[in-house]
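Here is the structure we will look at, set down as structure tokens.
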């Protein structure tokens with residue numbers, strides 16, 4: 001009785017959540033802010049999530065017995081979550097989605113799930129089912145669950161790899177990652193993985209008891225929905241950032257470059273001279289294209305010089321100057337009276353958090369530990 005009560009209660013809550021998912025999907029599709037291709041994929045994810053969240057309500061109303069085809073779709077919809085979330089992260093990191101035939105490959109588990117549930121309804125009363133297929137035909141949720149486990153593990157690995165590549169790519173063109181980083185998405189991905197891990201462990205503990213499985217499924221859908229809603233709303237605030245050069249492997253990036261050795265050496269001298277003379281690194285919004293425009297050179301030539309001649313990416317190149325400027329300020333007489341946030345802004349950083357993180361990455365200790373000993377500045 002208690003399981004039935006909670007199942008019905010969670011089914012109603014999830015139905016409300018399904019309505020919210022549909023509304024948020026419409027907001028993402030119609031929004032002109034953020035990364036629009038990624039927003040469309042997230043909207044599709046929310047649509048799939050809404051279908052899954054309505055599962056308990058469909059069961060409660062007896063719709064599966066009335067329309068068996070409905071269970072074919074709803075029973076397999078979980079196999080779309082991994083691919084859609086992965087395509088969303090690819091879009092957020094500026095990757096162009098290759099819809100054909102790659103999309104079909106992502107849909108294979110979902111199509112197999114549809115086949116398993118279709119076989120269940122077609123052959124459920126057939127006695128002469130081959131033993132090797134009997135477990136699949138009689139209990140279609142088992143192959144779907146197994147595929148979901150394998151799929152989740154595979155896609156989480158792919159998503160982590162995609163985010164790592166993105167992190168390196170943006171450092172090739174930007175001197176600050178505030179506003180364009182996807183650290184928030186890593187946390188959403190981590191929560192997504194934890195939810196599925198706990199959910200699958202719970203299913204194993206209850207030994208796939210049908211009533212408890214339905215209840216556990218409602219809890220999992222609710223938690224996944226809350227995490228997805230947070231992701232969707234955050235996505236609308238994320239700037240649209242695309243990178244072309246980051247798609248090319250480092251070893252092949254400059255194979256066809258027209259920049260000669262003499263030209264590279266000259267550009268290196270001009271670049272270093274400008275940094276010392278004009279201190280362009282003090283501009284917190286400086287980017288690789290902006291610096292290339294100031295030097296009146298092609299972006300790829302400047303990138304090549306920074307990468308090959310100086311052995312750094314743009315992020316490290318600019319922030320190296322900023323950190324050195326900060327070290328000079330923190331080491332001079334009277335530095336103990338200067339607020340740390342003032343040092344950060346004076347040296348080109350646009351936030352204290354970024355200053356602390358980058359300074360420790362370059363120097364090995366926090367700015368406060370590096371500063372000359374003395375009294376802390378008054379606030």
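Nothing in this text is a laboratory measurement; each read-out follows from the coordinates by a stated rule. Note that the structure is a prediction, hence the values are computed from the model and not measured. Positions of Cβ are generated from backbone atoms using ideal geometry, with glycine treated the same way; all protein chains shown enter the neighbour counts.
With the radius of gyration and the Kirkwood radius both derived from the Cα set of the range 1-80, what is their ratio Rg to Rh?
Working: Rg = 14.6 Å, Rh = 13.6 Å.
Answer for the range 1-80: 1.07.
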Using Cβ counts within 10 Å as a stand-in for footprinting exposure, how do 175, 157 rank, fewest first?
157, 175
For the range 289-335, the Cα convex hull volume per residue in Å³ comes to 84
Please work out the Cα center distance from the range 14-30 to the range 268-345, rounded to the nearest Å.
45
What does the extension gain come out to for residue 309 and residue 275, with contour length at 0.36 nm per residue minus their alpha carbon separation?
10.7 nm
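List 89, 160 from most exposed to least, where exposure is judged by having the fewest other Cβ atoms within 10 Å. List each step's numbers first, then the result.
Working: 89 25, 160 15.
Listing 89, 160 from fewest to most nearby Cβ atoms yields 160, 89.
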Fewest to most Cβ atoms within 10 Å: 280, 368 sort as 368, 280
Extension length gain for residue 202 and residue 341 (0.36 nm per residue less Cα distance), in nm, is 45.3 nm
